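Here's the structure we're looking at; comments come further down.
The values are calculated or read from the model by the stated rules, or taken from the named source; none is laboratory data. In this text the structure is predicted, and so the values were computed from the model without any measurement. Every residue, glycine as well, gets a Cβ built from its backbone with ideal geometry; the counts of neighbours run over all protein chains shown. Note: areas computed on protein heavy atoms with side chains; ligands, DNA, RNA excluded. Shrake-Rupley method; radii C 1.70, N 1.55, O 1.52, S 1.80 Å.
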Amino acid sequence: MRRLGVAVAFVAVLVAGFALAYLAGLQLAVIRARRWGLNATKVMDFGIYLIIAALVGAKLMLDVVDFDYFRSNPGELLSLVRVGGVFYGGLIG
């Protein structure tokens, strides 16, 4: 049981690190957009739309990849309990 706690904490640190890296990259994109004379608000909006599309794409691809599981458990199709996704679904999204 102790190992599970460490694994969950490690995953939480990884997710937080990825989120902070994404936000730092988005802030850098906004700074560069201002420097190049682009609309910084549109760059920020695009970054937010991009992460939403990636999350939705990852979840949809998870539904496709694990179709047999979701066919036998249709109530889990839109469940947030089994949160996750597939990397290439996020990339396509």
TODO: Find the residue count for the stretch 23-79, including only residues that are open to solvent by less than 90 Å² (accessible area, probe 1.4 Å), without any contact (Cβ under 8 Å) to a residue 24 or more places away in the chain, in a helix (DSSP H, G or I) and among the charged types (D, E, K, R).
DONE: 3
Task: Yes/no for Tyr69 being of a type in the set (Ser, Thr, Tyr) and under 15 Å from the mean Cα position of the chain (by Cα) - done: no
